[in-house]
Amino acid sequence: ANPGFMVRITQAGLDYAHQQGIAILEKELAQLKLPDISGDSRISRVGKVRYELSRLRLRGFHLPYSRITPVANVGLQVSISNAFAELAGDWRVKFLFIRDHGSFDLKVENVYIKIILSLGSDTTGKPTVSTSDCSARISKVHVRFSGKLGWLYNLFRRVIESRFRNILQKKVCDSVAKSVHNELQTYIRTLPVTAKIDDKTGIDYSLVAAPRATAQSLDADLKGEFYSLAHRSTVPFSPLPLAFPSDHDHMVYFGASSYFFNTASIAYHKAGALVFEITEAMIPKDAGFSLNTSIFSAFIPQLEEMYPNMPMKFRLSTPTAPFLTIGPGGISLKPIVDIQAYAILPNSSLAPLFLLSLVRNVSAVINVRSGRIVGSLDVGRIRLSLKDSAVGTFELRTMQSIMNILTSSTLLPRLNARLDEGFPLPLLDRIQLSNIIVRFHQNFLLLGADVHFQPQ
């Protein structure tokens, strides 16, 4: 299925994530637990040397040069070169009638590590990562023993260095696999696959396919669908393909399709959230009129006869979910709104007066703030038509002016206040966005940003 929402991590974003990951891996490798080593080294024409190495401890494991690259159809490759480590420990040796002991230092240099990370998704739509391949090669190991019997240490030095090389090469990949599972896998699972928006709706950000690597980026296709918390049903249309531009100036890009926004409209419509009422208490004091039958009787004479000087109320609703379009020029929609007018009788019951149909051109301004998509609406003039009336026909020109004031001064601020709260982007834990750009393309909105990770 086509995604309703898409995330692209560019090489710059991968490089930044790689920096954070390498710092974690360095700490993991520095905590490697190495086993005691003992054995016999048989030296020709000399005899057997018995040695023991114990209390092995790493002083540090340094990864000064590394890079990460996406490998198309495979995943991510991490290449580490010229790594080095320093160890210390105690030694004990027995040779013929000679027994000796002391401490030693060991330097490991020219360490090369290659890691292949395989990317996938689980049944809940969360991303997964695992080490599909790891190889470590150590070119140089040098042991320096403390003590005066240099000729004795040299008898088994090469054996010790060879054993250390084999042990470390295996331990390095074991540590990599552990770090990927315990640190990286745990962290990427902080990506929210569902996000509750309010008491009526949520967003589904589950993966519709495993993340895919290309030569330049890592792409993730998300469902990108709003849904009603009370009753989730199938959306009656499908997302269109998202043709991402070849823009790689930022670390991460988000593509929010028209499908994404239009499912929000459906969800809120089904939840009954697109129903608004305008009452006297909501009229701004500087509007210059009150919401009662006396004001409207100037152009609807029947009102004064049927409901003299009674307060009124308007109920605004959308007969169908309003759909928007996204193009290079921005976001626009033309919602159809039914406006039912009531007179409020002395016993507080409502008497229907007339039903209007309102059509208005609306454009949207979009931005990102604190990891949320926020927006505001800008509206043009309205166009009214009379659908039904219990008070006879009447001239709509004056009514149009009044409704223009009412919707602009009461309805629009309420809508914009809700849009200003925003909708969360699918972000991993402790990620902040900066240098944000907003671009409009055919059928989708493109958001670009750099990221900053805040350690715990």
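The values are calculated or read from the model by the stated rules, or taken from the named source; none is laboratory data. Source: prediction; values computed, not measured. Cβ sites come from the backbone with ideal geometry, for glycine too, and all protein chains shown count toward neighbours. Accessible surface areas use protein heavy atoms only, side chains included; no ligands, DNA or RNA. Shrake-Rupley method; radii C 1.70, N 1.55, O 1.52, S 1.80 Å.
Here Arg414, Arg430 are screened, and the one residue that is within 22 Å of Leu350 (Cβ to Cβ) and among the basic types (Lys, Arg) is Arg414. Looking across region 98-111 at every residue that is within 19 Å of Asn154 (Cβ to Cβ) and not charged (D, E, K, R), the one that is modelled with the highest pLDDT is identified as Leu106.
Collect the residues in region 283-305 that are within 19 Å of Leu345 (Cα to Cα) and open to solvent by 30 Å² or more (accessible area, probe 1.4 Å), keeping them in residue-number order. Residues satisfying the conditions are Ser290, Asn292, Ser294, Ile295, Pro301, Gln302, Glu304, Glu305. On the basis of being part of a helix (DSSP H, G or I) and out of contact with any Leu (no Cβ under 8 Å at 6 or more places or on another chain), does Asp420 make the cut? Criteria met by Asp420.
Tallying residues that are open to solvent by 60 Å² or more (accessible area, probe 1.4 Å) and without any contact (Cβ under 8 Å) to a residue 24 or more places away in the chain within region 144-169 yields 5. For region 203-224, a residue qualifies if it is open to solvent by 10 Å² or more (accessible area, probe 1.4 Å) and either in contact with a His (Cβ under 7 Å, 6 or more places away or on another chain) or charged (D, E, K, R) (or both), and the qualifying residues are Asp204, Arg212, Gln216, Asp221, Lys223. On the stretch given as region 414-448, residues that are under 15 Å from Gly375 (Cβ atoms) and of a type in the set (Val, Ile, Thr) total 2. Would you be able to say whether some residue in region 178-195 is closer than 22 Å to Gly60 by Cα and either open to solvent by less than 40 Å² (accessible area, probe 1.4 Å) or of a type in the set (Gly, Ala, Ser) (or both)? Yes, region 178-195 has at least one match.
State whether one or more residues within region 100-110 are among the aliphatic types (A, V, I, L, M) and farther than 18 Å from Arg57 by Cβ. No: region 100-110 contains no residue that is among the aliphatic types (A, V, I, L, M) and farther than 18 Å from Arg57 by Cβ.
For region 306-364, the strands (runs of 3 or more DSSP E) that sit wholly inside it and include 1 or more residues that are in contact with a strand residue (DSSP E or B) (Cβ under 7 Å, 6 or more places away or on another chain), surrounded by 15 or more Cβ atoms within 10 Å (Cβ to Cβ) and β-branched (Val, Ile, Thr) are 324-327, 330-333, 336-344. Taking region 390-407 as the range and being open to solvent by less than 40 Å² (accessible area, probe 1.4 Å) and among the polar types (S, T, N, Q) as the test, the residues that pass are Asn404, Thr407. Take the conditions (1) out of contact with any strand residue (DSSP E or B) (no Cβ under 9 Å at 6 or more places or on another chain); (2) polar (S, T, N, Q); (3) at pLDDT 95 or above; Ser409 misses just one of them, which is (3).
Scanning region 158-196 for residues that are of a type in the set (Lys, Arg) and in a helix (DSSP H, G or I), which turns out farthest from Ser121 (Cα to Cα)? Applying the filter and picking the extreme gives Arg158. Pairs linking a residue in region 291-315 that is more than 14 Å from Phe394 (Cα to Cα) to a residue that is of a type in the set (S, T, N, Q) and assigned to a loop (DSSP other than H, G, I, E, B), with Cβ atoms under 6 Å and 6 or more positions apart or on different chains, are Ser294/Asn309; Lys313/Thr279. Regarding Ile373, is this residue surrounded by fewer than 15 Cβ atoms within 10 Å (Cβ to Cβ), closer than 20 Å to Arg414 by Cα and assigned by the TED database to the domain that holds Phe394? Judged against the criteria, Ile373 is not a match.
Of the residues Leu53, Leu76, Leu32, the single one that is within 47 Å of the chain's Cα centre (by Cα), at pLDDT below 95 and not charged (D, E, K, R) is Leu32. The number of residues in region 239-254 that are surrounded by fewer than 22 Cβ atoms within 10 Å (Cβ to Cβ) and at pLDDT below 95 comes to 9. For Ser363, indicate whether it is within 22 Å of Thr320 (Cβ to Cβ), small (Gly, Ala, Ser) and in contact with a Lys or Arg (Cβ under 8 Å, 6 or more places away or on another chain). Answer is no for this residue.
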